[in-house]
Amino acid sequence: MYRIIRSLLFLFDPEKVHYFSMGILKSLCGVGIFNRMITNWFRPVSVPAKPFPSASLAAQLFKNCSNPVGLGAGFDKNAKYLRELKCLGFGFVEIGTVTPIAQDGNDKPRLFRLKKDFALINRMGFNNDGADAILERLKKWKEKNIPKHNGARFLVGGNIGKNKNTANEEAWKDYLTCFEILHPYVDYFVVNVSSPNTPALRALQDKESLRKIFTVLNEANNKIQKPKPILLKIAPDLEKSQVDDVIALIPEIELEGLIVANTTLDRSNLITGINELNKIGAGGLSGKPLQDKSTQMIRYIHEKTGNGFLIIGSGGIFTGADAQAKLDAGAALIQVWTGFVYEGPAIVKNISAYLAKRNKPKEA
């Protein structure tokens with residue numbers, strides 16, 4: 001059924017379709033009977049959790065996550081669809097990327113489908129309503145959704161970045177501003193220095209820039225009674241030496257985990273023709289073409305860091321088998337985005353069913 005719906009939706013502009021589809025879902029979930037029907041229809045089966053190291057903040061948080069399948073940042077940029085995404089079974093959702101000041105992002109069109117490659121190219125450019133406006137939505141969400149102290153939880157992460165006009169030397173101030181504003185109302189943070197769509201942002205992945213950003217954030221975090229886990233999202237295009245630099249920094253900057261990985265600038269081995277790619281232009285590529293690259297990166301980082309470090313796998317996850325490959329490589333949780341667009345609202349249910357069957361505890 002969804003393939004038929006998808007074929008119709010794919011006739012129109014991707015960004016407009018996104019807001020149209022989520023608008024319909026929001027209307028349905030606002031009516032009690034439809035909310036319950038959607039929740040029941042897309043409710044995922046329970047998936048055996050991978051063991052977490054008990055010492056870290058991230059471990060304490062994510063071991064109670066209702067489902068290991070999350071939704072990556074960029075889908076619900078402004079915290080408008082948390083109720084709807086919870087109804088679809090996601091265990092955790094990252095809002096954002098959030099910047100201190102609202103910004104429109106890059107010129108449209110800025111989101112493109114590569115249907116032959118089961119991929120997307122985006123150059124959104126951190127379009128969002130700004131930290132203060134998003135804070136108000138999070139307040140309303142939290143008032144209606146008091147977190148459970150025991151049992152499974154739906155988690156909301158805050159993916160934070162810098163405004164386009166902020167110089168890299170001053171970027172730490174933007175991350176700190178977002179952190180301080182959102183801290184009481186999100187469960188964890190993700191520092192985004194890996195989007196290819198904000199000029200020079202990826203330069204912040206160097207050691208000194210990361211050291212500065214995380215030092216400031218950790219100082220602020222440690223002064224708060226209930227500190228929150230702070231994770232880092234990295235690009236799949238990093239050289240191995242750059243990945244090694246990040247790994248070496250983990251104990252120094254008290255890094256709680258890595259999301260591996262963001263979109264890629266690599267255009268090799270695509271089915272889509274060069275003329276169409278040139279017409280689309282710049283942007284980050286996500287979806288199936290990123291699948292192997294992100295899995296290999298996860299495996300390398302896991303081998304270097306061991307079982308005690310949290311990795312969230314992202315990139316090219318469409319099916320349960322795709323998710324299992326990330327978990328086998330060393331990820332403890334996974335995030336979807338492009339797969340959600342192509343596979344539809346049952347993606348969490350379908351992946352969870354596969355993982356539950358594949359990881360069913362053996363009878364004694």
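Being under 18 Å from TYR185 (Cβ atoms) and either in contact (Cβ under 8 Å) with a residue 40 or more places away in the chain or not hydrophobic (A, V, I, L, M, F, W, C) (or both) is the filter here; which residues of region 91-115 pass it?
We begin by selecting, within region 91-115, every residue under 18 Å from TYR185 (Cβ atoms); these are 92-100, 102.
Hits for region 91-115 are PHE92, VAL93, GLU94, ILE95, GLY96, THR97, VAL98, THR99, PRO100.
The set of residues in region 199-211 being within 17 Å of ASN163 (Cα to Cα) and among the charged types (D, E, K, R) consists of ARG202 alone. Residues in region 159-188 that are touching a Pro at 6+ places or on another chain (Cβ under 7 Å) and of a type outside the set (D, E, K, R) were compared, and the one that is surrounded by the most Cβ atoms within 10 Å (Cβ to Cβ) is CYS178.
Looking for whichever is among the polar types (S, T, N, Q), at pLDDT 95 or above and either within 20 Å of the chain's Cα centre (by Cα) or in a strand (DSSP E or B) (or both) here; the options are ASN165, ASN159. Which one fits?
Working: ASN165 fails: either within 20 Å of the chain's Cα centre (by Cα) or in a strand (DSSP E or B) (or both).
After ruling out the rest, the residue left standing is ASN159.
To keep it simple, each residue is scored yes or no on (1) modelled with pLDDT of 95 or more; (2) part of a loop (DSSP other than H, G, I, E, B); (3) under 28 Å from PRO14 (Cβ atoms); (4) small (Gly, Ala, Ser).
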| site | (1), (2), (3), (4) |
| --- | --- |
| ARG137 | yes, no, yes, no |
| LYS140 | yes, no, no, no |
| GLU143 | no, no, no, no |
| GLU169 | yes, no, no, no |
| GLU180 | yes, no, no, no |
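Taking region 29-63 as the range and being in a loop (DSSP other than H, G, I, E, B), surrounded by 18 or more Cβ atoms within 10 Å (Cβ to Cβ) and not aromatic (Phe, Trp, Tyr) as the test, the residues that pass are PRO44, VAL47, SER56. For GLY105, the criteria (1) under 30 Å from ASN222 (Cα atoms); (2) part of a loop (DSSP other than H, G, I, E, B) hold in every case but one, which is (1). Scanning region 114-123 for residues being outside any loop (DSSP other than H, G, I, E, B) and either out of contact with any strand residue (DSSP E or B) (no Cβ under 6 Å at 6 or more places or on another chain) or surrounded by fewer than 18 Cβ atoms within 10 Å (Cβ to Cβ) (or both) gives a total of 4. With respect to the conditions (1) on the phi > 0 side of the Ramachandran plot; (2) in contact with a Gly (Cβ under 6 Å, 6 or more places away or on another chain), GLY74 lacks only one, and its number is (2). Scoring ALA49 on the criteria (1) within 24 Å of ALA321 (Cα to Cα); (2) in contact (Cβ under 8 Å) with a residue 60 or more places away in the chain leaves a single failure, condition (2).
Residue by residue, here is whether (1) closer than 30 Å to ARG358 by Cβ; (2) under 17 Å from the mean Cα position of the chain (by Cα); (3) crowded, with 17+ Cβ neighbours inside 10 Å holds:
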{"position": "ASN67", "(1), (2), (3)": "yes, yes, yes"}
{"position": "GLY70", "(1), (2), (3)": "yes, yes, yes"}
{"position": "GLU94", "(1), (2), (3)": "yes, yes, yes"}
{"position": "GLY125", "(1), (2), (3)": "no, yes, yes"}
{"position": "ALA152", "(1), (2), (3)": "yes, no, no"}
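Check ASN262, ASN197, ASN275 and return the single one that is surrounded by 16 or more Cβ atoms within 10 Å (Cβ to Cβ), polar (S, T, N, Q), more than 28 Å from LEU61 (Cβ to Cβ) and out of contact with any helix residue (DSSP H, G or I) (no Cβ under 7 Å at 6 or more places or on another chain).
After applying the criteria, what remains is ASN197.
The values are calculated or read from the model by the stated rules, or taken from the named source; none is laboratory data. Values in this document were obtained by computation on a predicted structure and should not be read as measured data. Virtual Cβ from ideal backbone geometry, glycine too; neighbours counted across all protein chains shown.
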